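The values are calculated or read from the model by the stated rules, or taken from the named source; none is laboratory data. Remember, it's a predicted structure, so these values are computed and weren't measured experimentally. Heads up, the Cβs are rebuilt from the backbone with ideal geometry, glycines too, and the neighbour counts pull from every protein chain shown. The area values use the complete protein model at the heavy-atom level, side chains included, leaving out ligands, DNA and RNA. Shrake-Rupley method; radii C 1.70, N 1.55, O 1.52, S 1.80 Å.
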Amino acid sequence: MSAPGSALSGVPHLDVDPFDMMFFADPYPTHELLREAGPVVYLDKWKVYGVARYAEVHAVLNDPATFCSGRGVGLSDFKKETPWRPPSLILEADPPAHTRTRAVLSKVLSPTVMKQVRDRFAAAAEERVDALLDKRSFDAITDLAEAYPLSIFPDALGLKPEGREHLIPYASVVFNAFGPPNQLRQEAIERSMPHQAYVAEQCQRENLAPGGFGACIHAQADEGAITATEAPLLVRSLLSAGLDTTVNGISAAVYCLARFPDQWQRLRNDISLARGAFEEAVRFESPVQTFFRTTTREVELSGARIGEGEKVLMFLAAANRDPRRWDKPDSYDITRRTSGHVGFGSGIHMCVGQLVARLEGEVMLTALARRIAKIEIAGEPKRRFNNTLRGLDSLPVTITPA
Amino acid sequence: MPAITFIHPDGNSDRIETSGGESAMQAATRHGLDGVLAECGGNTMCATCHVYVDEAWLARLPAMADDEDALLDGTAAARLPNSRLSCQINITPELDGLVLRLPERQV
């Protein structure tokens, strides 16, 4: 008998807490430590395996039969603990059940649907930039990165106007809950009741406007693709993962472009780089930093033997800056070939809303670059702490019109 | 190893060597070819590795799956009868010499 991750399997044990405030403040030295310690590490603090190199993160993401999601994609093992909310039918599901629900959301958020909403999303981005140009000095998080998705996504879903202030707090709970039972998670769940009640209500068919993404999901129940009881839970997935993620994605892009004026200038010179500038920000900042999987059997991964029922923590952000995979990984380069980054994951669970995120990012950066000459950071950026999401709470900026 | 040719919208072409078991998309991105974005990295989710297959080769490719078919309806450039996603074309020795035309745009 050997303890998990014992010397027998050659897995280095690290005394690192990747859910600690100190870590969140500057994760990069620890990411490097995790990557360089070995292809697979063991984190004694939470008794989990960890992978931080690109190859292993990609391998785990692409072997869902061995590294399953059905036992939760946070630290909590649904086989041993009761989940804090009814599990997601897509994120926290495995094939074959996942295949069916995934197909529904893929259809609702397909490239064809994106073509239909593109003009609307682009017009809203222009309107947002109009408002920002009036202000000149503003908070790039609340006034831009939050205000823009809030101006389009809830409408695109078909949500009622009332109660939308619950959306970002609800998402914050969801993403904190993937973490360990630390203060962030406990407090988030304790305060979640009103947000959960709002979300459960909005997922019902009668509360979703015709033509929106939510109504389209319910319509799939009429087609027999899902049951009428599954539909609200699938709508919940969009409410959980469709807003705060794009807020952090847009924050990341604006923060990068404000910090690296040479890249902003390149974008100004060639606005067709907007989509790439957004994608590179997703690689560079990795708004979703981590996810867990659970092993369904004993498995050997890059020489490490991992037993059945073990949690494996994937450091997406560290993989996105692994020098084994990326040239100058710590540079934000808007012309980089980013294909293959794992900021949206990879494999069967790869972000189903990635096309919405890219569309929002592209049209927003296009509108900004067209009409703004300079974005300057005008005060100390403040970080927002979350067990899974990396982003800012506040980013004071001053803009100069073009 | 089989080599395949990508023809750009301006008529220029690139002949690239593939390595064992990779898709046309992977070969293109590995060589840094312009015109294949592959935003989703080969997960059949984004339709940004769209190609037009040379007519002579079309029938020699494996049939497309439903998800590829659905995504092709959303390509940025017009879908034509010879449209495919290059991430779904695995390069086997029989495809040595395959010719793929790139669309005007991927997004």
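First check a/c for the range B:11-59, with a ≥ b ≥ c the square roots of the eigenvalues of its C-alpha gyration tensor; if it is under 1.5, answer rounded, and if not, answer prolate when a/b is larger than b/c or oblate otherwise. Rounded. Over the range A:219-375, Cα pairs under 8 Å with separation of 6+ residues give a relative contact order of 28 percent. Legend: residue pairs A:Lys115/A:Lys374; A:Lys135/A:Lys374; A:Lys80/A:Lys311; A:Lys135/A:Lys160; A:Lys160/A:Lys382, Cα-Cα distance threshold 20 Å; pairs beyond threshold, A:Lys115/A:Lys374; A:Lys135/A:Lys160; A:Lys160/A:Lys382. The label point for A:Lys80 and the one for A:Asp26, both projected 7 Å from the Cα toward the Cβ, are 3.4 nm apart.
Relative contact order (percent) for chain A, with alpha-carbon contacts under 8 angstrom and 6 or more residues of separation?
Details: 697 pairs, mean separation 100.9, N = 402.
Reported as a whole number, the value is 25 percent.
Between the beta carbons of A:Lys374 and B:Ala76, assuming R0 = 35 Å, the FRET efficiency works out to 0.65 to the nearest 0.05. Let me make sure I get this right: for the range B:3-101, a, b and c are the square roots of the gyration tensor eigenvalues over alpha carbons, sorted descending. Under 1.5 in a/c it's rounded, otherwise prolate if a/b > b/c, else oblate. Which is it? It is rounded, given that a/c, with a ≥ b ≥ c, falls under 1.5.
Where only protein heavy atoms count, and the probe is 1.4 Å, what is the accessible area per residue for chain A in Å²? Intermediate results must be reported in sequence, preceding the final value.
Numbers: 15710 Å² over 402 residues.
Accessible surface, normalised per residue, equals 39 Å².
Can you tell me the mean projection area, over all orientations, of the convex hull of the range A:167-289's alpha carbons? Units nm², please. Intermediate results must be reported in sequence, preceding the final value.
Working: hull surface 40.7 nm².
Average of the hull's projected areas for the range A:167-289 equals 10.2 nm².
Let me know the shape class of the range A:7-401, please: from the alpha-carbon gyration tensor, a ≥ b ≥ c as square roots of the eigenvalues, rounded when a/c is under 1.5, otherwise prolate if a/b is greater than b/c, or oblate. Cα axes put the range A:7-401 in the oblate bin.
Restrict the search to the range B:1-74; then list the trypsin sites (Lys or Arg not before Pro) that DSSP places in a loop and that have at most 14 other Cβ atoms within 10 Å of their Cβ. Walk me through the numbers before you get to the answer.
Numbers: sites: B:Arg15, B:Arg30, B:Arg60; in loops: B:Arg60.
Filter output for the range B:1-74: B:Arg60.
Rolled with a 1.4 Å probe across the full set of protein chains, the surface gives A:His13 an accessible area near 80 Å². Using the alpha carbons alone, the radius of gyration of the range A:12-167 stands to its Kirkwood radius in an Rg to Rh ratio of 1.05. Share of carbon and sulfur in the accessible area of the range A:188-317 stands at 52%, probe radius 1.4 Å. Taking GluC sites (Glu not before Pro) across the range A:202-296, the ones in a DSSP loop with at most 16 further Cβ atoms lying within 10 angstrom of their Cβ are A:Glu223. Solvent-accessible area of A:Asp270, all protein chains in place: 60 Å² (probe radius 1.4 Å, heavy atoms, ligands and nucleic acids excluded). May I ask for the distance between the Cα centers of the range A:185-261 and the range A:97-129, given as a whole number of Å? Their Cα centres are 13 Å away from one another.
Summing +1 for each Lys or Arg and -1 for each Asp or Glu, what net charge is found among the other residues whose Cβ lies under 13 Å from the Cβ of A:Glu230? With Lys, Arg at +1 and Asp, Glu at -1, the neighbours total +2.
Check every DSSP H run in chain A and write down those whose alpha carbon atoms cover 20 angstrom or more along the long axis and whose mean Kyte-Doolittle hydropathy is -1.0 or greater. Please list the in-between numbers first.
Values: long enough: A:111-135 (36 Å, -0.43); A:244-259 (22 Å, 0.58); A:354-371 (26 Å, 0.32).
Span-like helices in chain A: A:111-135, A:244-259, A:354-371.
Using the Cβ-Cβ distance between A:Lys328 and A:Thr229 with R0 set to 45 Å, the FRET efficiency works out to roughly 0.35.
Please compute the contact order of the range A:64-148 in relative form: average sequence separation of alpha-carbon pairs under 8 Å and at least six residues apart, divided by the residue count, as a percent.
On the way: 36 pairs, mean separation 16.6, N = 85.
That works out to 19 percent.
Roughly how much accessible area, to the nearest 100 Å², goes out of reach of solvent when B and A pair up, both sides summed, probe 1.4 Å? Mind showing how you got there, number by number?
Details: alone 5470 and 16380 Å², together 20550 Å².
Buried area (both sides, nearest 100 Å²): 1300 Å².
The accessible-area loss of the range A:105-132 on complex formation, taken against its chain alone with a 1.4 Å probe, reaches 20 Å² or more at A:Pro111, A:Thr112, A:Lys115. Segment A:Thr335..A:Glu201, full-extension length gain: 43.9 nm, with 0.36 nm per residue of separation and the alpha-carbon distance subtracted.
Once you wrap a convex hull around the alpha carbon atoms of the range A:1-95, what is its projected area averaged over all directions, in nm²?
On the way: hull surface 30.2 nm².
Averaged projected area of the range A:1-95's Cα convex hull equals 7.6 nm².
Here the spin labels are modelled as points 7 Å beyond Cα on the Cα-Cβ line, and at A:Glu190 and A:Asp15 they lie 2.9 nm apart.
Can you give the calculated 222 nm mean residue ellipticity of chain A, where each DSSP H run of n ≥ 4 adds -39,500 (n - 2.57) and the sum is split over every residue, rounded to the nearest 500 deg cm²/dmol?
Numbers: 16 runs with 181 residues, N = 402.
After summing the helix terms and dividing by the residues of chain A, the value is -13500 deg cm²/dmol.
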